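Structure first, commentary second.
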Amino acid sequence: MEKILLRNIDVPDSRSLAVYRSRGGYGAWEQVLRDMTPARVIDEVKASGLRGRGGAGFPTGMKWSFVPKDSPKPKYLVCNADESEPGTFKDRLLIERDPHAIIEGTLIAAYAIQSHTAFVYIRGEMARGAEILERAVGEAAAAGYIGRNVLGSGYDIDVIVHRGAGAYICGEETALLSSLEGGRGWPKVKPPFPATHGLFGCPTVVNNVETLAAVPWIIANGAAKYAALGTEKSKGTKLFSVSGHISRPGVYELEMGYPFKKFLEEDCGGVPGGRRLKGVIPGGASMPVLLPEEIEKVNLDYESVQAAGSLLGSGGVIVMDDTTCMVRAAWNIARFFAHESCGQCTPCREGCHWMEKIFHRVERGEGRSGDLDLILSVSANIMGNTICPFGDAAAMPAAAFIRKYRAEFEEHIAQKRCTVGGDW
Ligand SMILES: Cc1cc2nc3c(=O)[nH]c(=O)nc-3n(C[C@H](O)[C@H](O)[C@H](O)COP(=O)(O)O)c2cc1C
Ligand code: SF4
């Protein structure tokens, strides 16, 4: 398969402008400015079938088309480089090895919605990534790709790299915008959506790093070539970050619809040490875990993973072998969400801590009968009752761990100790 997103990452000095240009970089941006109206750019991205890679899979061209054309307010394009979902490290690879692809995609997206100011909001801990992006923006500006009257087109665009402070919730788009405005990173109720009421109340598009990095290739090679890849509803290629009990962890680019089992066993070398697979989280820690038998017929596209009872999410694949204590795994994830809840709404603020505390007491051998149903009840009370999808993201994995490994949880409670004995 021809690589689209990872096409440059193994080339020496891939992050420099000279290397990026030698491989056709900024050709799509020149083509857009020379030959394409904003509406044509949107149509091309719509025709490609590209869907957002930040987790929800929303059609990218459609999102861009929601920005009102007649608004007198400034419009903003924000590249979401917050990547904090446990098990997800694909955007970081693009940021560190192919920053110009992200910048070129950001410029094209900004032009499509007629924004003159674009932001790259990068997670605070990614200091190296921020420096690389800042350097790349400086190089692109010096070469005339960013700034006033870009390449003589009459179009002006600024790109600002903004460092977050390292809160997971700032990856959620409305929290990100609150943070970018200088406030606390608190999500806002939707609607209104950012397309009409975003940054400083102005029309704004927020797109993930991987989404934007795919755009220059789509423009340069044509929507049809991208749409020819993947399945009917999940087009193109996607990055998967694979971690945990797997022989060859790392970031992989796959055509959408690739068989999950084949991917784990052949491409990633399977579970090491002759151990058995016990469970896989397919889309980052906020997605429900799948049993080995559940992945038998699953393909890596939005529809297939959803039909199996989970979600493709960010493509963060976490593999667990039979040494994994599922009580500890569930507690570990619950602890993360309890720590990261922004505290704005009661079901999430209180419920995440309840779930963490109950999982913890089961884990340390102090679980009580009724604890598992209590967690399921807390989880059900969070689901759908919060301002932002963080609540569901915390509730879904907790319930899935209990439903799928209930006997192991019950044994923990009955024996007052772990009977698996692994280190996770
Ligand atoms: C709790 C939470 C955390 C999120 N974190 C990220 C993130 O780190 N990066 C990201 O691109 N999207 C993240 N999202 C999704 C964004 O809200 C948004 O949907 C996405 O950036 C849109 O880009 P896309 O259309 O290109 O996918 C998160 C959502 C939630 C609910
Ligand atoms: S669901 Fe949680 S993270 Fe989202 S706004 Fe409510 S308290 Fe904050």
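Listed values, structure above:
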quantity	calculated
Candidate set: segment 180-203, residues that are within 14 Å of SER115 (Cα to Cα) and within 13 Å of ligand 1 (Cβ to nearest atom); chosen: the one surrounded by the most Cβ atoms within 10 Å (Cβ to Cβ)	GLY198
Subset of segment 409-421 (residues that are open to solvent by 70 Å² or more (accessible area, probe 1.4 Å) and either modelled with pLDDT of 95 or more or in a helix (DSSP H, G or I) (or both))	GLU410, GLU411, ALA414, GLN415
Search result, residues across segment 371-403 that are more than 16 Å from ligand 1 (Cβ to nearest atom), of a type outside the set (D, E, K, R) and without any contact (Cβ under 8 Å) to a residue 24 or more places away in the chain	LEU374, SER377, ALA380
Check on VAL362, away from ligand 1 (no atom under 16 Å from the Cβ), under 27 Å from LEU264 (Cα atoms) and touching an Asp or Glu at 6+ places or on another chain (Cβ under 7 Å)	no
Some residue of segment 97-108 being more than 12 Å from ligand 1 (Cβ to nearest atom) and either more than 20 Å from ALA220 (Cβ to Cβ) or of a type in the set (Ser, Thr, Tyr) (or both)	no
Residue within segment 276-297 that is free of Cβ contacts under 8 Å to residues at least 12 places away in the same chain, over 28 Å from ILE95 (Cα atoms) and not basic (Lys, Arg) present	yes
Top-ranked residue in segment 361-389 [being crowded, with 19+ Cβ neighbours inside 10 Å and part of a helix (DSSP H, G or I); ranked as nearest to ligand 2 (Cβ to nearest atom)]	ILE382
Matching option when the condition is assigned to a loop (DSSP other than H, G, I, E, B), touching a residue at least 60 places away in the same chain (Cβ under 8 Å), aliphatic (A, V, I, L, M) and on the phi < 0 side of the Ramachandran plot, among LEU77, LEU5	LEU5
Answer from ALA81, ALA56, ALA28, ALA47 - the residue that is open to solvent by 30 Å² or more (accessible area, probe 1.4 Å) and at pLDDT 95 or above	ALA47
Scope segment 92-108; condition in contact with a strand residue (DSSP E or B) (Cβ under 6 Å, 6 or more places away or on another chain) and not aliphatic (A, V, I, L, M); matching residues	THR106
Residues of segment 309-333 satisfying the condition of being outside any helix (DSSP H, G or I) and among the small types (Gly, Ala, Ser)	GLY309, SER310, GLY313, SER314, GLY315, GLY316
Qualifying residue in segment 317-326 (condition: within 15 Å of ligand 2 (Cβ to nearest atom), among the hydrophobic types (A, V, I, L, M, F, W, C) and at pLDDT 95 or above)	no
Candidates ALA141, ALA118, ALA130, filtered to the one that is assigned to a helix (DSSP H, G or I), open to solvent by less than 30 Å² (accessible area, probe 1.4 Å) and not acidic (Asp, Glu)	ALA130
Residues of segment 160-179 satisfying the condition of being more than 11 Å from ligand 1 (Cβ to nearest atom) and either farther than 28 Å from PRO38 by Cα or open to solvent by less than 20 Å² (accessible area, probe 1.4 Å) (or both)	ARG163, ALA165, GLY166, SER178, SER179
Residue within segment 396-408 that is out of contact with any His (no Cβ under 9 Å at 6 or more places or on another chain), over 23 Å from LEU291 (Cβ atoms) and surrounded by fewer than 17 Cβ atoms within 10 Å (Cβ to Cβ) present	no
Residues being within 22 Å of GLY284 (Cβ to Cβ), within 16 Å of ligand 2 (Cβ to nearest atom) and touching a helix residue (DSSP H, G or I) at 6+ places or on another chain (Cβ under 8 Å) - total across segment 344-360	8
Any hit, segment 139-158, residues being in contact (Cβ under 8 Å) with a residue 24 or more places away in the chain and within 16 Å of ligand 1 (Cβ to nearest atom)	no
Qualifying positions in segment 322-348 - surrounded by fewer than 18 Cβ atoms within 10 Å (Cβ to Cβ) and touching a Lys or Arg at 6+ places or on another chain (Cβ under 7 Å)	ASP322, THR323, GLY343
Residue within segment 222-234 that is more than 26 Å from PRO59 (Cβ to Cβ) and out of contact with any Ser or Thr (no Cβ under 8 Å at 6 or more places or on another chain) present	no
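Residues checked against (1) within 12 Å of ligand 1 (Cβ to nearest atom); (2) among the aromatic types (Phe, Trp, Tyr):
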position: MET36; (1), (2): no, no
position: ARG51; (1), (2): yes, no
position: PHE66; (1), (2): yes, yes
position: PHE89; (1), (2): yes, yes
position: LEU93; (1), (2): no, no
position: ALA110; (1), (2): no, no
position: PHE119; (1), (2): no, yes
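The values are calculated or read from the model by the stated rules, or taken from the named source; none is laboratory data. In this text, all values refer to a predicted model and were calculated from it rather than measured experimentally. Cβ sites come from the backbone with ideal geometry, for glycine too, and all protein chains shown count toward neighbours. The accessibility values were calculated without ligands, DNA or RNA, using every heavy atom of the protein model including side chains. Shrake-Rupley method; radii C 1.70, N 1.55, O 1.52, S 1.80 Å.
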